[in-house]
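Visitor: Sharing a structure, written as structure tokens. Questions coming.
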Amino acid sequence: MSRTTRIAAAVAAVLAFTLLATSFATRSAYADDLPYRAFGPGLKTGQVVEAFKGATSVGKTTVDGTGNWLLDIPAAKATNGDKITFAIDGVAANESITFQSGQFSTPPGLKLTVAAGATPTPVPTSTPAPAQTGPGTFAAKPVFAASGVAQVVFNGGTVQQLQKAATDSGAKGVWAQNAAGAFIVFIPGAPDFVNAAFNTAFANGFTVPTSISLTQ
């Protein structure tokens, strides 16, 4: 092997290592940017649900006309492992969650109660209707990191096909970016209101290969 060939090989190896390291760093940062989606049923229309990390508010939302609430807690306001508590109209709720980027409440949702107690009523779920057809597959088998997040490319298809591919891979949540660049999640088995934003954003399905984050 000539000296020039050895130099070229060494440069190629350094570049490959740099690209690989950058890829892992980018994936880690991408996963850590995902919010935590908290949601639940059974409250009164107009009540305000607020989330706290310690004494600091990390977000609030108003209960809708069917008694459901939904709140995305930004990764910028909490760190993985943080305890998040809730209040209903300023009264501390009995329940709490542990923040984990990209995770969400377990369907049918977090049933918040206060000292007086409340009996939430679960909301029935349904499967979105098919729209844009496509292969409905991932470009490669998802590999989940220790954080529970896998970055994949969906080859195109309907939300229903994406849901099946994700469920078959062992994922419990599907994150994608809408036209504005915001992360939104589809949670198989969750009440309709939880997935409404995702179904609206991708009502026509995915016409081109799309980057997707899966969470376990």
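Throughout, read-outs are computed from the coordinates displayed, never taken from laboratory work. Small disclaimer: the values here were computed from a predicted structure and weren't measured. Using ideal geometry, Cβ is built from the backbone for each residue, glycine included, and neighbour counts are taken over all protein chains shown.
Visitor: Quick one: net charge around VAL114, please, counting Lys, Arg +1 and Asp, Glu -1 for every other residue with C-beta under 12 Å from its C-beta.
Guide: Every neighbour counted, the sum reads 0.
Visitor: To the nearest µm²/s, what D does Stokes-Einstein give for region 30-90 at 10 °C and 1.306 mPa s, using the Kirkwood radius over alpha carbon pairs as Rh?
Guide: Here the translational diffusion coefficient equals 132 µm²/s.
Visitor: Can you tell me which aspartates and glutamates have their Cα less than 20 Å from the Cα of LYS53? Leave out same-chain residues fewer than eight positions away.
Guide: Within reach: ASP32, ASP33, ASP72, ASP82, ASP89, GLU95.
Visitor: Let me ask something else. Using a Förster radius of 41 Å, what is the FRET efficiency between ASP168 and GLU95 based on their Cβ-Cβ separation? Nearest 0.05, please.
Guide: 0.85
Visitor: Compare the peptides 98-110, 141-153, 63-75 by average per-residue count of other Cβ atoms within 10 angstrom and give them in order, highest first.
Guide: So the peptides 98-110, 141-153, 63-75, ranked by packing, come out 98-110, 63-75, 141-153.
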